[in-house]
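Okay, structure first, notes after.
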Amino acid sequence: QQPVQSPQAVILREGEDAVINCSSSKALYSVHWYRQKHGEAPVFLMILLKGGEQKGHDKISASFNEKKQQSSLYLTASQLSYSGTYFCGTARGGANNLFFGTGTRLTVIP
Amino acid sequence: EAQVTQNPRYLITVTGKKLTVTCSQNMNHEYMSWYRQDPGLGLRQIYYSMNVEVTDKGDVPEGYKVSRKEKRNFPLILESPSPNQTSLYFCASSSEYANTGELFFGEGSRLTVL
C-alpha cells in the first residue's frame, strides 16, 4: 500500500541537481513531501493537491501527475543543508489518511 | 510554543512488559496519528484518530492499541511487547484533514524490546 520512491539513495556534490520520484499503484488525492534530517523528526516541505500542480520554494520544487499517479521532487543547485531522507506521502481517493513511502536518502558532499 | 510531545524518548524494556508511549499536542488539532520507522521500510502508519473517541487502523496495527479520550492526547499502548516492535515511533498531528494539511511530528520515541 505504500507509495514507491526512487532512487533509494543518492549522493550529490554541492551545486548538483537531483530528482526523487514517488509513484503509487492506486489513484492519488494528494501528494506530500517531507524531509528528515538524521536523528530528527520529519519536517513538512509541501503538498500538491491537484493533478498537474507544481510548487516550489527556494530551489526545491515538486510536480504531481495525477494520471500517472506519480510525483517528483526536484532539488536544484543542492546545498549541504539538503542532506537527509526525503519521504513522499500519498492520500488515496477521498481517504482522510496519509501513507508514506520508504524514503530516499540524499547526501550532499562538498 | 506549538509542539507535539512524546514520552519517553528512549526506552529499553523486556518482552511482555506492558508499556505506554504518550503523545500530547498543544495546537488543538483534531487529527493525530502514530507511525513506526524501520530501516528500509520508511514510515508506516499504526493507528490514526480523526477526533475524540474516533480511531482507526493504519497499515501495521497488530500488537498495538490506542485511545483518544481527550483531543490533545493520543497514547500508544503495547500490551505485550515483542522484539519485532523494536523501532522508532513518531506521533503526528494535523489541524486539517490529513490528506490536505501539514503533519506536525513529535521528536520520536526509540523503543528497544529485549
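The values are calculated or read from the model by the stated rules, or taken from the named source; none is laboratory data. Small disclaimer: the values here were computed from a predicted structure and weren't measured. Note that we place each Cβ from the backbone using ideal geometry, even for glycine, and neighbour counts take in every protein chain shown.
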Next item on the list: Sort out which residues of the stretch A:1-11 are modelled with pLDDT of 95 or more and among the hydrophobic types (A, V, I, L, M, F, W, C), and write them in order of number.
Entry: A:9, A:10, A:11
Notebook entry, point to check: What residue, of A:15, A:56, A:39, is within 14 Å of another protein chain (Cβ to nearest Cβ) and of a type outside the set (Val, Ile, Thr)?
Noted result: A:39
Next item on the list: Could you grab me the full set of residues in the stretch A:23-32 that are crowded, with 20+ Cβ neighbours inside 10 Å and either more than 11 Å from chain B (Cβ to nearest Cβ) or part of a loop (DSSP other than H, G, I, E, B) (or both)?
Entry: A:24
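Do we find a residue being closer than 25 Å to residue B:49 by Cβ and not aliphatic (A, V, I, L, M) anywhere in the stretch A:60-72? Outline the logic, then answer.
Step one: of the stretch A:60-72, the residues closer than 25 Å to residue B:49 by Cβ are none.
No, the stretch A:60-72 has no match at all.
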Notebook entry, point to check: Inside the stretch B:55-102, can you point out the residues that are within 14 Å of chain A (Cβ to nearest Cβ), in a loop (DSSP other than H, G, I, E, B) and in contact with a Leu (Cβ under 7 Å, 6 or more places away or on another chain)?
Noted result: B:98, B:99, B:100
Margin query: Whether any residue in the stretch A:85-102 is more than 13 Å from chain B (Cβ to nearest Cβ) and either closer than 27 Å to residue B:10 by Cβ or at pLDDT below 90 (or both) is what I want to check.
Written below: no
Item checked: Residues satisfying the stated conditions in the stretch B:43-54, i.e. at the interface with chain A (Cβ under 7 Å from one of its Cβ atoms) and over 15 Å from the mean Cα position of the chain (by Cα) -> none
